[in-house]
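Colleague: My questions all concern the structure below.
What follows draws every value from the coordinates through simple rules; no lab data is involved. These numbers were taken from a predicted model, which means no experiment stands behind them. All Cβ positions, glycine included, derive from the backbone under ideal geometry; neighbour counts span all protein chains shown.
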Amino acid sequence: MKYMMFVCTDTEPETDESIVPDIFTWVAENDASGRRVAGNQLVSPSSATTVRVRGGEVLLSDGPFAETKEVIVGFDILECADLDEAIAVAAAHPMAYNGRLELRPYHG
Amino acid sequence: MTDLPDSYGRIVATLIRLTGDWNLAEDCAQEAMAAALERWPRDGTPDNPGGWLMTVARNRAVDVLRRSSVEQAKLREVAMLFHPGEQHEIEDDRLRLIFTCCHPALALEARVALTLRTVGGVPTADIARVFLVSESAMTRRITRAKSKITEARIPYRVPSGVALTERLPGVLAVLYLLFTRGYDADGEPAFADEAIRLARLLTGLMPAEPEVAALLALFLLQHSRRHARRDAVGDLVPLDRQDRSRWDHESIAEGRALLERTPVTGPYAIQAHIAAGHGAAGSDWRSIAGWYDQLARIQPTPMVELNRAVAHGYAFGPQSGLALLAGFEGYPAVAIEADLTAKAGDRDRAADLFREAAAVAPSEVERRALLARAAEL
């Protein structure tokens, strides 16, 4: 099963920094096990462009489509046996502590 | 006569494992139940009612799958259902079903509803009534939970090792919520019976987990007061004013016996010991106070601290209890302060406090009870 993992910020991150795992270790481990198919950080939301087509006209607006305090700052594509495995991979990611992760399955 | 709800959960659990299709499993289980109700009165109850029901449900599943030709692989598995040595696997299926219904990736209320529906076979309309939503809203909620299990691939399995330790409290919390839904003032009493039935099932399936047995003991002890908890007009009667001869002493004996052979490893065992402290002959407040001290160490919530103050007030004199109330304000702290002040003999101050508590009581029933206490003084 493939899961798109959205990496988001959170207004109330973990305060004990000493327990936050290391991102390089996480990437290395999950690349090696084949659970991480792809992934990266995103450039800041201020660089986002939102695109719509209405009445045949391409409408652009500056910034992300939802103006919220929590923003998507990265993504990973996970290939896991089931949701429990995906949760275990997500819970070991530093942004599970400093932010929040959303796991969305997709058929692929 | 076999235990029909028990058979229902058994069939659903096994057919989900074999077909992976929750709706098919439930439909076939229901049809087997309907067939039993129609045929057993006419033809007599079969020698092995559970096996009869499982066979009818399996045949129905095979029929449905045979018509949808893409399901050949599943069909083969269902057809192989009754291989020797499968009984153990079928027992495990119910545990798989409970753990899947109680998966933490589902919303808490959805977990309770799904457990009631699929493990307990409780009609959706009954579940909806207790959750104060329409039947169609409850149907949507349960459907959505089942879709998420399939689409997000929530595994159909009992976790092992560390994961089991992490997940078991969540399963017990669902049973506890189910029990309180049956036990609360406006609840559905049948849900308390259902919670006890599921706790019994889980105790049988997980004999090595003391907190499971402890939860069953807690249910049995609390449920033993069900006939004494309400007065003639349906108002709640506090424990110290209940007619203890109306308690279910068989249920108490079972709960206590269970507790005696269960080591204390978590909050449910402690709560069960607290419940066991109230006996037919009176309450052992010193023992209860000691258990509250333990509970406060692992669950230092305001409710636990307040109950601890009550227990200390009754065990070691009102002043001990009042000392533990320091720092608490509002309801129910002021009602407890009023009670302990009355016990200490300061009638005027106690009456004032009862009136003060009545003014902030969250329900009309409690307000009336507090004003009655003020009037008694």
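Colleague: Can you give me the C-alpha center-to-center distance between segment A:1-72 and segment B:298-377, rounded to a whole angstrom?
Modeller: 52 Å
Colleague: Can I ask one more? Taking all pairs of distinct Cα atoms, average 1/r, flip it, and tell me the Kirkwood hydrodynamic radius of chain B in Å to one decimal place.
Modeller: So the Kirkwood estimate lands at 23.2 Å.
Colleague: Give the residue from B:Val62, B:Ala107, B:Leu202 lying farthest towards the positive end of the charge dipole for the protein assembly as shown; charges sit on Cβ (+1 for Lys and Arg, -1 for Asp and Glu) and the dipole is referred to the Cα centre.
Modeller: The residue sitting most towards the positive pole is B:Val62.
Colleague: What percentage of all Cα-Cα pairs in segment B:329-377 are separated by more than 11 Å?
Modeller: Cα-Cα pairs of segment B:329-377 separated by over 11 Å account for 57 percent.
Colleague: Also: Computed on alpha carbon atoms, what radius of gyration and Dmax characterise the protein assembly as shown, expressed in Å?
Modeller: Rg, Dmax (Cα atoms, Å): 27.5, 84.
Colleague: Report the relative contact order of segment B:329-377, percent, no decimals, based on alpha-carbon pairs under 8 angstrom and at least 6 residues apart.
Modeller: 36 percent
Colleague: So if a site counts as exposed when it's one of the GluC sites (Glu not before Pro), its DSSP state isn't H, G, I, E or B, and it has at most 14 other Cβ atoms within 10 Å, what's the longest stretch of chain B without one?
Modeller: Longest site-free region, per DSSP loop and neighbour criteria: B:87-328.
Colleague: What is the sum of charges around A:Asp76, taking Lys and Arg as +1, Asp and Glu as -1, for the other residues whose C-beta is under 13 Å from the C-beta of A:Asp76? Display every interim value, and only then the final one.
Modeller: Details: positive: A:Lys2, A:Arg35, A:Arg36, A:Arg104; negative: A:Glu29, A:Asp31, A:Glu79, A:Glu102.
So the surrounding residues net to 0.
Colleague: Return the FRET efficiency for the residue pair B:Asn48, B:Ala208: r is the Cβ-Cβ distance, R0 is 41 Å, and the value is rounded to the nearest 0.05. The partial results should precede the final answer.
Modeller: Values: r = 29 Å, r/R0 = 0.71.
E between B:Asn48 and B:Ala208, to the nearest 0.05, is 0.90.
Colleague: Would you tell me the mean number of C-beta atoms belonging to other protein chains that fall within 10 Å of each C-beta in A:76-83, as a whole number?
Modeller: Details: counts 0, 0, 0, 0, 1, 2, 6, 9.
Mean partner-chain Cβ count within 10 Å for A:76-83: 2.
Colleague: Per DSSP H run of at least 4 residues, take -39500 (n - 2.57); add these up for chain A, divide by its residues and hand me the 222 nm value, nearest 500 deg cm²/dmol. Mind dumping the intermediate values first?
Modeller: Working: 3 runs with 25 residues, N = 108.
Counting only the DSSP helices, I get -6500 deg cm²/dmol.
Colleague: Further question on the same structure: Which of B:Asp63, B:Asp27, B:Asp339 moves the most in a Gaussian network model of chain B with Cα springs under 10 Å?
Modeller: It is B:Asp63.
Colleague: Across segment A:2-106, how large is the tail of the calculated P(r) beyond 23 Å, expressed as a percent of all Cα pairs?
Modeller: Distances greater than 23 Å cover 36 percent of the Cα pairs.
Colleague: Please list the equivalent ellipsoid semi-axes of segment B:108-179, computed as the square roots of five times the alpha-carbon gyration tensor eigenvalues, in descending order and whole angstrom. Before the final figure, lay out each step's value.
Modeller: Values: eigenvalues 110, 46, 16 Å².
For segment B:108-179, the ellipsoid semi-axes come out as 23, 15, 9 Å.
Colleague: Now for a separate question. Put +1 on the Cβ of each Lys and Arg and -1 on the Cβ of each Asp and Glu in segment A:2-106; which of A:Thr50, A:Val71, A:His93 then has its Cα farthest toward the positive end of the dipole?
Modeller: A:Thr50
Colleague: Between B:Ala338, B:Leu371, B:Val360, whose Cα lies farthest towards the positive end of the dipole of segment B:329-377 when Lys and Arg beta carbons carry +1 and Asp and Glu beta carbons carry -1, centred on the Cα centre?
Modeller: B:Leu371
Colleague: Now for a different question. For chain A, with a Gaussian network of springs between Cα atoms less than 10 Å apart, report the residue from A:Leu83, A:Leu60, A:Leu42 with the top mean-square fluctuation.
Modeller: Greatest mean-square fluctuation among the candidates belongs to A:Leu60.
Colleague: In a GNM of chain B with a 10 Å cut-off on Cα contacts, which of B:Arg241, B:Arg141, B:Arg58 has the highest mean-square fluctuation?
Modeller: B:Arg241
Colleague: Now for a separate question. Using just the alpha carbons, could you tell me how many Å³ per residue the convex hull of segment B:218-377 encloses? It would help to have the intermediate numbers written out before the result.
Modeller: Numbers: hull volume 18.5 nm³, N = 160.
Each residue corresponds to 116 Å³ of Cα convex hull volume.
Colleague: How large is the charge dipole for the protein assembly as shown, taken about the Cα centre, if only the Cβ atoms of Lys, Arg (+1) and Asp, Glu (-1) carry charge, to the nearest 20 debye?
Modeller: With only Lys, Arg, Asp and Glu charged at Cβ, the dipole is about 920 debye.
Colleague: Then there's this: Any idea what angle helix B:49-67 forms with the longest principal axis of chain B, computed on alpha-carbon atoms, 0 to 90 degrees, nearest 10?
Modeller: Once rounded, one gets 60 degrees.
Colleague: Another one. Counting other C-beta atoms within 10 Å, which of A:Met4, A:Met95 has the fewest, and how do the rest follow?
Modeller: A:Met4, A:Met95
Colleague: For a Förster distance of 56 Å, can you work out the FRET efficiency between the beta-carbons of B:Ala232 and B:Thr55, rounded to the nearest 0.05?
Modeller: So, using R0 = 56 Å, E works out to roughly 0.65.
Colleague: Helix-only estimate, please: 222 nm mean residue ellipticity of chain B, summing -39500 (n - 2.57) across DSSP H runs of length 4 or more and dividing by its residues, to the nearest 500.
Modeller: -22000 deg cm²/dmol
Colleague: May I have the count of lysine pairs in the protein assembly as shown with C-alpha atoms under 24 Å apart, counting pairs 8 or more residues apart or located on different chains?
Modeller: Lysine pairs meeting the criterion: 5.
Colleague: OK, next. Suppose each label sits 7 Å from its Cα in the direction of the beta carbon; what would the B:Trp40-A:Glu67 distance come out to in nanometres?
Modeller: For the pair B:Trp40/A:Glu67, the computed spacing is 6.4 nm.
Colleague: From the phi angles alone, apply the Karplus equation (6.51, -1.76, 1.60; θ = phi - 60°) to segment B:349-365 and give each ³J(HN,Hα) in whole Hz, x where the residue is Gly or Pro.
Modeller: 5, 4, 4, 4, 5, 4, 5, 4, 5, 4, 5, 10, 5, x, 9, 5, 4
Colleague: Need the full-extension length gain, B:Arg67 to B:Asp352, defined as separation in residues times 0.36 nm minus the C-alpha distance. One decimal, nm.
Modeller: Net length gain for the segment: 95.1 nm.
Colleague: Output wanted: per-residue J couplings in Hz (rounded whole) for segment B:329-345, from phi through Karplus 6.51 cos²θ - 1.76 cosθ + 1.60, θ = phi - 60°, x for Gly and Pro.
Modeller: Each residue's phi maps through the Karplus curve to give 10, x, 8, x, 4, 5, 5, 5, 4, 4, 5, 6, 5, 4, 5, 6, x Hz.
Colleague: Would segment B:271-344 count as rounded, prolate or oblate if I go by the C-alpha gyration tensor, calling it rounded below 1.5 in a/c and otherwise prolate when a/b exceeds b/c, oblate otherwise?
Modeller: Cα axes put segment B:271-344 in the oblate bin.
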